[in-house]
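Q: Take this structure, written in structure tokens, and hold onto it; I'll ask about it next.
The values are calculated or read from the model by the stated rules, or taken from the named source; none is laboratory data. All figures in this text were calculated on a predicted structure; none of them were measured in a lab. So basically every Cβ, Gly included, is an ideal-geometry build from the backbone, and we count neighbours across all protein chains shown. The protein model used for the area step is the full one, side chains on, heavy atoms only, and it has no ligands, DNA or RNA in it. Shrake-Rupley method; radii C 1.70, N 1.55, O 1.52, S 1.80 Å.
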Amino acid sequence: MRPVYMVSGGVSKFAKARPDATFQKMVKESFDYAMNDVPKLKHSMIDGSVASYFSDHFTRQLMAGIMAVDYLGLCPKPNKRIEGGGATGGLCFQAAWESVASGRMKVCAAFGFEVMSHVPTWKGNEFIALASDVNFDYPVGGFYSGYYAMMVNRHMHEFGTTVEQLAMVSVKNHMNAYGNPYAQKRRKLTIADVRNSTMVAYPLTLLDICVMSDGAATCLLADEETAFKLTDHPVKITGVGTGTDMMRLSDRPHGEVMLAPNEKKSDYKNLKYPGVHSFRAGRAAGLQAYKMAGVTDPLKQIDFVELHDAYTSSEIQTYEDLALCKYGDGGKFVEAGYPFMPQIDYGMKLPKKGTIPVNPSGGLIACGHPVGATGLMQAVFAFWQIQGSIKKHYGDGELQLKKANRGLIHSHAGTGTYVTVSIMERGW
Amino acid sequence: MSPIVIKQPYHIEYLHSYGQDSPFFAGLSNKKLLGTKCPKCDYTWATPRLACTQCGGETDWVELPQTGRVHTFTTCYFGGEEFLKETPFHLVLVEFDGVDTLLLSRLLGPEQPEDIKIGMKIKAKFRRNSQLKPTDVYFVPAE
């Protein structure tokens, strides 16, 4: 395999509804943004593309991928559609990486979108819940927020995690998004606001849960030679990992923890793993990516993380999967202040001042979750952080991290059925 | 100009087959809770699967106990459109003695989520008129 770099990225503004544009137009907006950022990249130099969107139900248009490709003017070059629930964007990013790493393409465009406003929210919930076993799960619950609420209730039972710790994640991510013009929800909240908002699935409230969105994102990936011709600041993709797990939450077995390089067997004497409190697929993806990128101590070697926070609870669970802290310590990890941005005032007293910012963009909770675009959106925001170009793209540099040489992006489907982790580093 | 938005009704009657899982649903009609067990590994699934994930072999149908414990739970105040009219409802993952995996079901009886405790004993009840759905079984507190 040869080295692969991200050379540019773009996102459309994420919004509740975009009746002014079809999905092709939204993809084009993000694609044009990315193209304009690397003027030396000519349209003719793109060898092919990968399309990312989750649900045919939302678009009510089969083969939507090719319609975006022809709108972008990328026919008759290669394209395929990637689909894997919430992890669709992350899988798409990695599929584009594979196209370049294998030598098949010099430049590959990864684009993704979702148009979730075409049905009312409750119908949207139903469509999303069809991504659970339709013999045994959908007809009983039919609601992803319910599945995640069951997971976090067990997490709270096993580890003593509190609802206030969950709420801190929401306060953090909404506040981070306050400075991100692409985010759907930019709000200054308190823990009380989160807890007092409408209960959706006990103990998760409306502000613990991401929203549905319309939006698109594009990443442009290239081989080393082309990357340095196009930009002085390419970002190298140094690690990729993908994990899977059983679709039915109820089937998750009880075995031993897969240990991260910074952990010992004795750390988890009595922990039944993954149970319903942890994501084995997330751990598997993380360990693969760490191995490939040479990361042995993630907390010290990674500068920031953009992870799939569809729920405040899943952000806490994911700290643990990624070995940012030990299994069970996710609640304490956020309470201590580690995943906050050091330069932002959250209106809370935090013991530690943000050592490893998580979701500096605002994450899914605040940016929105147009499923097929989400994993790619994270790559774009991480790319800008590492390039040091946040001010240029956001119009304000407040969210620029001082040290952002190595970032981790994480995309997650189902109740942890597909998870991808990719590691991006300063390439110049 | 401002965008033109039209409504498009979309209704389908699916002929959904439970396939190899059918005996589970037949079992519910007969007030039996069926899981599966691998004859080689002894691994037992509360939610049946006809192939063993450990060895790939074919599993056998076994009858599950009709009492268990709450492994975890939630109360859904909202849901997918199809279930909105049933809210609020409690979901539980049921754990059974001697069974390796869990079963997703509804819990009836308790009013508030605060009334449900992880580890509490619950027992199976069956709907009188089977709808051939997994909700033909539900659980209630056993004590």
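Q: Which of (1) open to solvent by 70 Å² or more (accessible area, probe 1.4 Å); (2) within 11 Å of chain A (Cβ to nearest Cβ); (3) of a type in the set (F, W, Y) is the odd one out, the single condition B:F89 does not satisfy?
A: (1)
Q: Identify, please: which residue in the stretch B:29-74 is modelled with pLDDT under 95 and among the polar types (S, T, N, Q) and is, among those, most open to solvent (accessible area, probe 1.4 Å)?
A: Step by step, filter the stretch B:29-74, then rank; the result is B:Q54.
Q: Among the residues of the stretch A:226-244, write down those that are closer than 13 Å to A:A289 by Cα and of a type outside the set (A, V, I, L, M, F, W, C). Reasoning before the result, please.
A: First pass over the stretch A:226-244, keeping only residues closer than 13 Å to A:A289 by Cα: A:237-243.
Within the stretch A:226-244, A:T238, A:G239, A:G241, A:T242, A:G243 meet the criteria.
Q: Does B:L84 satisfy the criteria of being closer than 17 Å to A:P253 by Cβ, of a type outside the set (D, E, K, R) and within 9 Å of chain A (Cβ to nearest Cβ)?
A: Values: closer than 17 Å to A:P253 by Cβ: no; of a type outside the set (D, E, K, R): yes; within 9 Å of chain A (Cβ to nearest Cβ): yes.
It is false that B:L84 is closer than 17 Å to A:P253 by Cβ, of a type outside the set (D, E, K, R) and within 9 Å of chain A (Cβ to nearest Cβ).
Q: Given the criterion in contact with a Gly (Cβ under 6 Å, 6 or more places away or on another chain) and more than 13 Å from chain B (Cβ to nearest Cβ), identify the matching residue among A:V235, A:V240.
A: Only one candidate qualifies: A:V235.
Q: Okay, moving on. Go through the stretch A:262-334 and tell me which helices (runs of 4 or more DSSP H), entirely inside it, have 2 or more residues that are of a type in the set (S, T, Y) and at pLDDT 95 or above.
A: Numbers: elements: A:280-293, A:298-301, A:312-321.
Ranges flagged: A:312-321.
Q: Would you check which residues across the stretch A:195-224 are in contact (Cβ under 8 Å) with a residue 40 or more places away in the chain and either in a helix (DSSP H, G or I) or more than 30 Å from A:V107 (Cβ to Cβ) (or both) and list them?
A: Going residue by residue through the stretch A:195-224, those that are in contact (Cβ under 8 Å) with a residue 40 or more places away in the chain are A:200-204, A:207-224.
Across the stretch A:195-224, the qualifying residues are A:V200, A:A201, A:Y202, A:P203, A:L204, A:L207, A:D208, A:I209, A:C210, A:V211, A:M212, A:E224.
Q: Name every residue in the stretch B:100-113 that is on the phi < 0 side of the Ramachandran plot and either facing chain A (nearest Cβ under 7 Å) or surrounded by fewer than 20 Cβ atoms within 10 Å (Cβ to Cβ) (or both), in order of residue number. If you could, list the steps in order and put the result at the bottom.
A: Taking the stretch B:100-113 as the starting set, the residues that turn out to be on the phi < 0 side of the Ramachandran plot are B:100-108, B:110-113.
Of everything in the stretch B:100-113, those that are on the phi < 0 side of the Ramachandran plot and either facing chain A (nearest Cβ under 7 Å) or surrounded by fewer than 20 Cβ atoms within 10 Å (Cβ to Cβ) (or both) turn out to be B:D100, B:T101, B:L102, B:L103, B:L104, B:S105, B:R106, B:L108, B:P110, B:E111, B:Q112, B:P113.
Q: Counting only residues that are in contact (Cβ under 8 Å) with a residue 60 or more places away in the chain and within 12 Å of chain A (Cβ to nearest Cβ), how many does the stretch B:25-58 have? Before you say what the answer is, go through the steps one by one.
A: Step one: filter the stretch B:25-58 for residues in contact (Cβ under 8 Å) with a residue 60 or more places away in the chain, giving B:25, B:28-29, B:31, B:33, B:35.
Still in the running and within 12 Å of chain A (Cβ to nearest Cβ): B:25, B:28, B:35.
Matching residues across the stretch B:25-58 total 3.
The rows are residues; the columns are (1) in a strand (DSSP E or B); (2) under 24 Å from A:C210 (Cβ atoms); (3) in contact with a His (Cβ under 9 Å, 6 or more places away or on another chain); (4) not small (G, A, S).
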{"site": "A:R2", "(1), (2), (3), (4)": "no, no, no, yes"}
{"site": "A:Y5", "(1), (2), (3), (4)": "yes, no, no, yes"}
{"site": "A:E29", "(1), (2), (3), (4)": "no, yes, no, yes"}
{"site": "A:A51", "(1), (2), (3), (4)": "yes, yes, no, no"}
{"site": "A:F58", "(1), (2), (3), (4)": "no, yes, yes, yes"}
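Q: Another question, then. Among the candidates A:A129, A:A149, single out the residue that is facing chain B (nearest Cβ under 7 Å), under 19 Å from A:H308 (Cα atoms) and touching a Pro at 6+ places or on another chain (Cβ under 8 Å). Steps first, please.
A: Values: A:A129 fails: touching a Pro at 6+ places or on another chain (Cβ under 8 Å).
Checking each option against the conditions leaves just A:A149.
Q: Filter the stretch B:46-82 for residues that are assigned to a strand (DSSP E or B) and closer than 30 Å to A:V200 by Cα and give the result. Lay out the reasoning, then the answer.
A: Within the stretch B:46-82, the first condition is being assigned to a strand (DSSP E or B), and the residues that meet it are B:51, B:58, B:60-63, B:67-76.
Within the stretch B:46-82, B:T67, B:G68, B:R69, B:V70, B:H71, B:T72, B:F73, B:T74, B:T75, B:C76 meet the criteria.
Q: Scan the stretch A:395-411 for residues that are more than 24 Å from A:G294 (Cβ to Cβ) and open to solvent by less than 20 Å² (accessible area, probe 1.4 Å) and report the count. Outline the logic, then answer.
A: Here is the first cut: in the stretch A:395-411, the residues more than 24 Å from A:G294 (Cβ to Cβ) are A:395-400.
Applying the additional criterion that residues be open to solvent by less than 20 Å² (accessible area, probe 1.4 Å) yields A:399.
Of the residues in that region, 1 qualify.
Q: Can you tell me which residues in the stretch B:1-26 are under 18 Å from A:F136 (Cβ atoms) and in a loop (DSSP other than H, G, I, E, B)?
A: Pass one, the stretch B:1-26, residues under 18 Å from A:F136 (Cβ atoms): B:14, B:16-26.
Those that are under 18 Å from A:F136 (Cβ atoms) and in a loop (DSSP other than H, G, I, E, B): B:Y14, B:H16, B:S17, B:Y18.
Q: Conditions first: (1) within 13 Å of the chain's Cα centre (by Cα); (2) crowded, with 20+ Cβ neighbours inside 10 Å. B:F83 passes all but one, so which condition is the exception?
A: B:F83 satisfies every listed condition except (1).
Q: Tell me which of these A:G103 doesn't satisfy, since it passes every other one: (1) in a loop (DSSP other than H, G, I, E, B); (2) open to solvent by less than 10 Å² (accessible area, probe 1.4 Å); (3) closer than 30 Å to A:I237 by Cα; (4) not β-branched (V, I, T).
A: (2)
Quick grid of which residues meet (1) open to solvent by 50 Å² or more (accessible area, probe 1.4 Å); (2) within 30 Å of A:G397 (Cα to Cα); (3) among the β-branched types (V, I, T); (4) within 14 Å of chain B (Cβ to nearest Cβ):
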residue: A:R186; (1), (2), (3), (4): yes, yes, no, no
residue: A:D193; (1), (2), (3), (4): yes, yes, no, no
residue: A:N196; (1), (2), (3), (4): yes, no, no, no
residue: A:V200; (1), (2), (3), (4): no, no, yes, yes
residue: A:T205; (1), (2), (3), (4): no, no, yes, yes
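A quick yes/no check of all residues on (1) within 20 Å of the chain's Cα centre (by Cα); (2) surrounded by fewer than 24 Cβ atoms within 10 Å (Cβ to Cβ); (3) modelled with pLDDT of 95 or more:
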{"position": "A:V69", "(1), (2), (3)": "no, no, yes"}
{"position": "A:C75", "(1), (2), (3)": "no, yes, yes"}
{"position": "A:R81", "(1), (2), (3)": "yes, yes, yes"}
{"position": "A:G85", "(1), (2), (3)": "yes, yes, yes"}
{"position": "A:C92", "(1), (2), (3)": "yes, no, yes"}
{"position": "A:E98", "(1), (2), (3)": "yes, yes, yes"}
{"position": "A:W122", "(1), (2), (3)": "no, yes, no"}
{"position": "A:I128", "(1), (2), (3)": "yes, no, yes"}
